[in-house]
Each structure stands twice: as structure tokens, then as C-alpha cells.
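In what follows, a single structure is set out as C-alpha cells and then discussed.
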Amino acid sequence: MACGDKELEKQLREAGDLLLKHPSSVDELLPLLDFEMGIISIGSHARDLGAPSNEALSQVENCLSRVEQSPRDPMLNALSPSRNALIEDELLRHSDVDVKVAVASCISEITRITAPDAPYEDEKMKDIFQLIVSSFENLSDKSSRSYNKRASILETVAKVRSCVVMLDLECDELIVAMFQHFLEAIRDYHPENVFASMETIMTLVVEESEEISLALLTPLLATVQRDNEEKLPIARKLGEKVIQNCAVKLKPYLAHAIKSLGVPLKNYSEVVASICEETTSSIENNDDNAIGEQQVWYLLHPRYNPLTVLLL
């Protein structure tokens, strides 16, 4: 094993052990969780928590970000203290927003490391996805202390396709909330990877869904209405991209959804109209083919066409 791996395992264990001691204040927690602050000197906080003084530690997220996907058993064992600490109620349900986002960021790294396997049992994964989706709510605020973490979580979810697990766990309402967060939070000033990650996640969810519910289609269709001035052009662009990416999947559902929502087809963007028109044309062609087959049967039947008897 490389010396670098041994050192990383050591740092992971130490950071995880500190986290298991549940630092009570935000000022203690955030440096321990915060990747952006790099390496910290624990100092007096370490003594208060029972850790060796003057020991430099990489914070949990910093350590996790350097662990490769599907690592060997020694690294997985070193990961255990952090993995266990992060899902305890003191952290998973912490009252501070920045702590919640930091915890979500660490857990998203763990999902990357263990992918394609989920790192926790199903019920706990539901709680984790609740936390992760909540971190997307304020992605529009680039001035937020946690903005970079929110964007990082988004990118990780897209890369490791963990959103598909939400379908397996039947987190339907949470998925709808996630779509709403994306369509409300996207801004022109976001870097391309934010838009691309949102597009990837939404496309994956639609394509991997067994059925497309009206609840899932509603925020997408609302975004691409021509007269919806509440939606930004960049949000409309995102909605159109997802619908276009999933045209084949959505085709059987769009016409019914539009009828249910009571908004005329002409009030939607061209991408929606074109898919619905293709559906209508397909139905008409199928009807024409059925009529044609009936006519051929009629012409060939001896009872209705005496010439058939002669041919036979």
C-alpha cells in the first residue's frame, strides 16, 4: 500500500473520531466538516474533545474527496467513523443550515465512494436524500457561505447517478421537489456545470421512471409556458432541454397532462407542441393503417369479392 493511502486512512480515522464526539457548536463543527478551509490545527478544541493537542487534521470532506471510488477494505474501514457519525441525528438533523449543507456534502462524497452500492440502508437513505434535496433550495444565492458546497453536491449527484436510487426508494414527492428547486434556482450567472448537472439529473430521473406522473410533469410544463412571466428564460431553457432529451419517454404522457392542466397546447413552447403533434400524427397513421388492413381483408374475402373465388 502506498504511503499516501496510509496517511489518508489515518486522517480519515482521526477526523471521523472527532466527528463522533459531537462538537456542539457550529464554530467547532464547520471547520471539521469544511473542505474549503483545508487543514486545521485543532488546538484547544481538540483538547476539549479529548483529541491530541496541536495535531493537524484534514477535515472530513477534504479526506473523503481524496478517496477513490470502490476503495480497498482498509480504506473502507478507515471511512467507518465518518460514515457512522454523519448519519446520527445530531448532525443529520442539525438546526444550522450551513452545517446541514456541509453534512450533505460529506455524505454525497460517501455515495460517490461506495457507488454503485448505497452506503446506508433504505430508510436512512431516504433521510439522506431529504437532506441532499434541501441543499438545492438556495442554489440561486451565490453569496451564500454554502454555495460552493451546494454546487458540488449537485455535480456529485449527477456524476454518480444517485438520483436513480431515489426512484428505487419511491421518493416521488422528493423528486418533484427537486425538480421545482432546480427550475426555480437556475440563473444565467451559474457556471455551465450547474446547468448541465441539473439537466443530467432531471433527464436521468425521467428516463429511468417506469411511469411519468402528472405531478412530475407539472413543474416542467409550467416552466415552458409561453405566457409564464414568473419563470426566467434560463429556467425555460432548462425545461425545454429536459423535455427534448426525453421526448420519446414523455410522448405518451404529454397530451394527457396538458389536457389535465387545462392550458391550450398553443401556449407551450415549440418543443412541447412538436412532440404532441408527432403523437397525433402517429395515432392518425395507425388509424389509417388499420383502415387499410380492413379494406384489404374486405377485398380478399370471397363473400364480398367474387373475383377472389375465381383467383382461388
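The values are calculated or read from the model by the stated rules, or taken from the named source; none is laboratory data. This structure is a prediction, so every number in the text was calculated from the model and none was measured. In this analysis, Cβ positions are derived from the backbone assuming ideal geometry, glycine residues included, and neighbour counts consider all displayed protein chains.
Tabulated data for the structure shown
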read-out	value
Of residues in segment 261-280 being closer than 18 Å to GLU229 by Cβ and of a type in the set (S, T, N, Q), the one surrounded by the most Cβ atoms within 10 Å (Cβ to Cβ)	SER269
Considering residues of segment 73-108 that are among the charged types (D, E, K, R) and closer than 19 Å to PHE136 by Cα only, the residue farthest from the chain's Cα centre (by Cα)	ASP96
Options LEU238, LEU183: the member that is in contact (Cβ under 8 Å) with a residue 12 or more places away in the chain and closer than 21 Å to LYS266 by Cα	LEU238
Test: SER95 is in a loop (DSSP other than H, G, I, E, B), farther than 11 Å from SER162 by Cβ and either among the polar types (S, T, N, Q) or in contact with a helix residue (DSSP H, G or I) (Cβ under 7 Å, 6 or more places away or on another chain) (or both)	yes
From the options VAL242, VAL206, residue that is within 22 Å of ASP168 (Cβ to Cβ), touching a Ser or Thr at 6+ places or on another chain (Cβ under 8 Å) and assigned to a helix (DSSP H, G or I)	VAL242
Criterion: of a type in the set (Ser, Thr, Tyr), surrounded by 10 or more Cβ atoms within 10 Å (Cβ to Cβ), out of contact with any His (no Cβ under 9 Å at 6 or more places or on another chain) and modelled with pLDDT under 95 - qualifying residue of TYR253, TYR298	TYR298
Residues satisfying the stated conditions in segment 181-197, i.e. part of a helix (DSSP H, G or I), crowded, with 17+ Cβ neighbours inside 10 Å and in contact with a helix residue (DSSP H, G or I) (Cβ under 8 Å, 6 or more places away or on another chain)	HIS181, PHE182, LEU183, GLU184, VAL194, PHE195, SER197
Test set (1) among the polar types (S, T, N, Q); (2) modelled with pLDDT of 90 or more; (3) over 30 Å from LYS142 (Cβ atoms); (4) surrounded by fewer than 16 Cβ atoms within 10 Å (Cβ to Cβ) - THR114 fails condition number	(4)
The one condition in (1) acidic (Asp, Glu); (2) within 17 Å of the chain's Cα centre (by Cα); (3) under 22 Å from SER65 (Cβ atoms); (4) in a helix (DSSP H, G or I) that ASP117 fails to fulfil	(4)
Candidate set from segment 121-157 (those that are without any contact (Cβ under 8 Å) to a residue 24 or more places away in the chain and either of a type in the set (Gly, Ala, Ser) or touching a strand residue (DSSP E or B) at 6+ places or on another chain (Cβ under 9 Å) (or both)); member that is surrounded by the fewest Cβ atoms within 10 Å (Cβ to Cβ)	SER143
Residue list for segment 97-115, filter: within 18 Å of LYS21 (Cα to Cα) and in contact (Cβ under 8 Å) with a residue 40 or more places away in the chain	VAL99, ALA102, VAL103, CYS106
From the options VAL263, VAL248, residue that is part of a loop (DSSP other than H, G, I, E, B) and over 20 Å from LEU174 (Cβ atoms)	VAL263
Number of the condition not met by GLU170 [criteria: (1) part of a helix (DSSP H, G or I); (2) acidic (Asp, Glu); (3) under 19 Å from PHE129 (Cα atoms)]	(1)
Candidate set: segment 59-76, residues that are of a type in the set (A, V, I, L, M, F, W, C) and part of a helix (DSSP H, G or I); chosen: the one nearest to LEU18 (Cα to Cα)	VAL60
Number of the exception - SER80 against (1) surrounded by fewer than 14 Cβ atoms within 10 Å (Cβ to Cβ); (2) not in a helix (DSSP H, G or I); (3) not hydrophobic (A, V, I, L, M, F, W, C)	(2)
